[in-house]
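Read-outs: derived from the displayed coordinates by stated rules, not from any lab. Computed from a predicted structure; not experimentally measured. FYI the Cβ positions are ideal-geometry reconstructions off the backbone, even for glycines, and counts take in every protein chain you see.
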Amino acid sequence: MLLLDKPRGLSSNIALQRARHLLRAEKAGHTGTLDPEATGLLPLCFGEATKFSSRLLEAAKGYEAELRLGETSTTGDAEGAILPGPGPVPDDAAAVHAVLRSLLGAQQQVPPMHSALKHDGRPLYDYARAGVEVARPVRQIVVQRLELLAFSGHSLRVQADCSKGTYIRVLAEEIGRRLGCGAWLSALRRNRTGGFALDDAITLDALTGLDEDQRTALLLPPERLVADLTLLVLDADQADGLVHGRSPALDPLTVLPPVDLVVRAHDPAGRFLGLVRRSAQDRIVAVRLMAEPAK
């Protein structure tokens, strides 16, 4: 996998395809879309790593968001028509801190019409551009952190750490509503996905400037996608049986994981075999395996 710092103005898919071309990869996927105008961390998976990419889709994300106060947008961001806000912008940070604290924790959020979510096979933004409002199911989200980074005049910058599926545009609009002045999202940069950080990412321009060996050296092993899971080390016979399609028995003298808990498996040499679970009969059942064990 590769940690990419996506530039402004590119869709996540175009960024993926450019990196895929540079790395000569046949199979590729990303782990959570960023809007074209958003920048920042876009973990990309190639080859066998795509088998484990869904875990990052489910992971919490972190964003640095810039808000424009005292105005609203018909789309919640710079693409919409900008309108005057309903009231004055607060002149001190105390009100801002109070609103940010009030938005922490579990809550419900309705996805915006201007989004790529599908309804009857069409993205919602198609309906929005045609002036059609579509009912959207409410999402349960969690905001773990909403920290004030800077506040000056009509500009507000915050760090937002939240569960998957959270729309920062909607969160920005809610901040504006609670402040009584209106707000829209003027810039967004993702700086965290699960256990991965933007500081470790590379830009497309920098990747283009490297030779093939240097690009390959940047790739992280597939196991990094599941490093948070419990490790189960198999003996040689168990590992051989697993990779040949069998479900070997677990040694009762080892510390057994709970039944059906998904864990990552190594062979005795420390090579990553993939994901397995323990059956009720104390056998090792494959969940998703590497085509070849990886160091």
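At 25 °C and 0.890 mPa s, grab the translational diffusion coefficient of region 231-295 from Stokes-Einstein with a Kirkwood Rh over Cα pairs, rounded to a whole number in µm² per second. D = 216 µm²/s. Set against the 2.2 N^0.38 Å expectation for a compact globular protein, region 49-110 has a Cα radius of gyration ratio of 1.59.
Pairs of alpha carbons in region 61-193 separated by more than 26 Å make up 20% of all such pairs. Taking every DSSP bridge with both residues inside the chain, close to 85 percent are antiparallel. Of the residues LEU253, VAL263, LEU273, the one whose Cα sits farthest toward the positive end of the charge dipole of region 229-294, with +1 on the Cβ of Lys and Arg and -1 on the Cβ of Asp and Glu, is VAL263.
Beta-bridge orientation, region 229-294: approximately 75 percent antiparallel, per DSSP, counting only bridges with both partners inside. Here the simple spin-label model places points 7 Å from the Cα toward Cβ, and for THR203 and SER102 these points are separated by 4.0 nm. Compared with the dominant Cα axis of the chain, that is its longest principal axis, helix 12-23 is turned about 40°. Candidate cross-link partners of LYS51 among the lysines, defined by an alpha-carbon separation under 22 Å and a same-chain spacing of 8 or more, comprise LYS27, LYS61, LYS164, LYS295. Of all beta bridges that DSSP places with both ends in region 61-193, some 95 percent have antiparallel geometry. Think of region 61-193 as a dipole: +1 on every Lys or Arg Cβ, -1 on every Asp or Glu Cβ, centred on the Cα centre; then among GLY182, LEU104, LEU67, LEU104 lies furthest on the positive end.
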